[in-house]
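Trainee: Sharing a structure below in C-alpha cells format, with a few things to ask.
Nothing in this text is a laboratory measurement; each read-out follows from the coordinates by a stated rule. Fair warning: this is a prediction, and the values are worked out from it, not measured in the lab. When we count neighbours, we look across all protein chains shown, and the Cβ atoms used for this are built from the backbone with ideal geometry, even at glycine.
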Amino acid sequence: MTMPKCQLYLISPLDVGGDFPARLEEAVAAAPVAAFQFRVKDMTQHEAARLAEPLQAICAAHEVAFIVNDDMALAKRLNADGVHLGQGDGDPKEARRLLGPGAQIGVTCHDSRHFAMEAGEAGADYVAFGAFFPTTTKAVEHRAEPEILTWWQGLFELPCVAIGGITPDNAKVLVDAGADFIAVSGAVWAHPEGPAAAVRQFDTLLAG
C-alpha cells in the first residue's frame, strides 16, 4: 500500500491587493496546489469579500480549494470551499452547521495532541500542527516537533497539515514524518525568482 503523496497548501500574504491575483495565478499554474488559504486581517467583511473574489475565481479555474482563515461568516458569504479555525475562532461543529456537510474545516492545533484529538472529535476535516521552524509570517508561540506528525499518522485517518517557516530546504523532514500537506506562505510569495519557481521547487520535493 502506498501512502498518497504530500500536497502543497498555500497561505496568502496579508496584502492580497495590487498585483497579487496575477502572482496567485502564476503560482497555481506552475504545478499542482491542493488548497489556498485566504488570510487577511483588520478589514471589513465587505472589503475582504471584494479582495477574495478574483482569488477565488483563480482557485476555481485551477481546481484549488479556497479556504477562508478564521472567519466562518466570510466563508459562508463567499460560499468558500472551507474555513480554517484557530483555537479562538469558534467550534468546528458550529462551522459545520453554518457551512454544510461539504465544507472543508481545518483547525490549528499548535503542538497539542489534545487539541488535535478534540478537533477530530468535533468533526474537523484536517488538523494543522506547527510552527515547525521560525517564521516571519506570524508570531510563534508554539513550536512543534516532526514526531507529532508521525504520532498522528499512526493513530488517525484524518489528514494533518504542517505549518510554520517551511521552505524547500527544510520541508523533507516533515514530509518524511508523515505530513499530508505542507502549508507555506513566505517561501512562495517572497521567493527571489517568483512564486512559480517556488511552487515548482516544492513540487519537485514532494514528487521525490
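Trainee: Hey, could you check the stretch 16-45 for residues that are among the β-branched types (Val, Ile, Thr) and outside any helix (DSSP H, G or I) and say which is surrounded by the fewest Cβ atoms within 10 Å (Cβ to Cβ)?
Mentor: Checking each candidate, the answer is 44.
Trainee: Which residues, taken from the stretch 72-88, are assigned to a loop (DSSP other than H, G, I, E, B) and either closer than 15 Å to residue 100 by Cα or aromatic (Phe, Trp, Tyr) (or both)?
Mentor: Listed by number, the residues that qualify are 79, 80, 81.
Trainee: So, in the stretch 175-187, of the ones that are closer than 12 Å to residue 8 by Cβ and of a type outside the set (Asp, Glu), which residue ends up surrounded by the fewest Cβ atoms within 10 Å (Cβ to Cβ)?
Mentor: Filtering the stretch 175-187 for residues that are closer than 12 Å to residue 8 by Cβ and of a type outside the set (Asp, Glu), the one surrounded by the fewest Cβ atoms within 10 Å (Cβ to Cβ) comes out as 175.
Trainee: Among residues belonging to the stretch 46-56 that are without any contact (Cβ under 8 Å) to a residue 40 or more places away in the chain and surrounded by 13 or more Cβ atoms within 10 Å (Cβ to Cβ), point out the one that is nearest to residue 205 (Cα to Cα).
Mentor: Only one residue tops the list, namely 56.
Trainee: Restricting the first residue to the stretch 101-114 and requiring it to be under 15 Å from residue 158 (Cα atoms), which pairs with a second residue that is in a strand (DSSP E or B) and aromatic (Phe, Trp, Tyr) meet a Cβ separation below 6 Å and a spacing of at least six or different chains?
Mentor: 106/126; 109/129
Trainee: Filter the stretch 134-148 down to residues that are surrounded by 19 or more Cβ atoms within 10 Å (Cβ to Cβ), without any contact (Cβ under 8 Å) to a residue 40 or more places away in the chain and closer than 28 Å to residue 40 by Cβ, then give me how many there are.
Mentor: Looking only at that region, the number is 1.
Trainee: Next question, about the same structure. Restricting to the stretch 190-208, count the residues that are over 17 Å from residue 133 (Cα atoms), part of a helix (DSSP H, G or I) and not basic (Lys, Arg).
Mentor: Result for the stretch 190-208: 11.
Trainee: A follow-up question, please. Out of everything in the stretch 74-102 that is surrounded by 15 or more Cβ atoms within 10 Å (Cβ to Cβ) and among the small types (Gly, Ala, Ser), what residue ends up being nearest to residue 163 (Cα to Cα)?
Mentor: In this case the residue turns out to be 82.
Trainee: Could you please find all residues in the stretch 188-208 being small (Gly, Ala, Ser) and either buried (at least 17 other Cβ atoms within 10 Å of the Cβ) or out of contact with any helix residue (DSSP H, G or I) (no Cβ under 9 Å at 6 or more places or on another chain) (or both)?
Mentor: 196, 198, 207
Trainee: With in contact with a Leu (Cβ under 6 Å, 6 or more places away or on another chain), in a loop (DSSP other than H, G, I, E, B) and within 25 Å of residue 118 (Cα to Cα) as the only criterion, which of 144, 139, 179 stands out?
Mentor: Every option except 179 fails the conditions.
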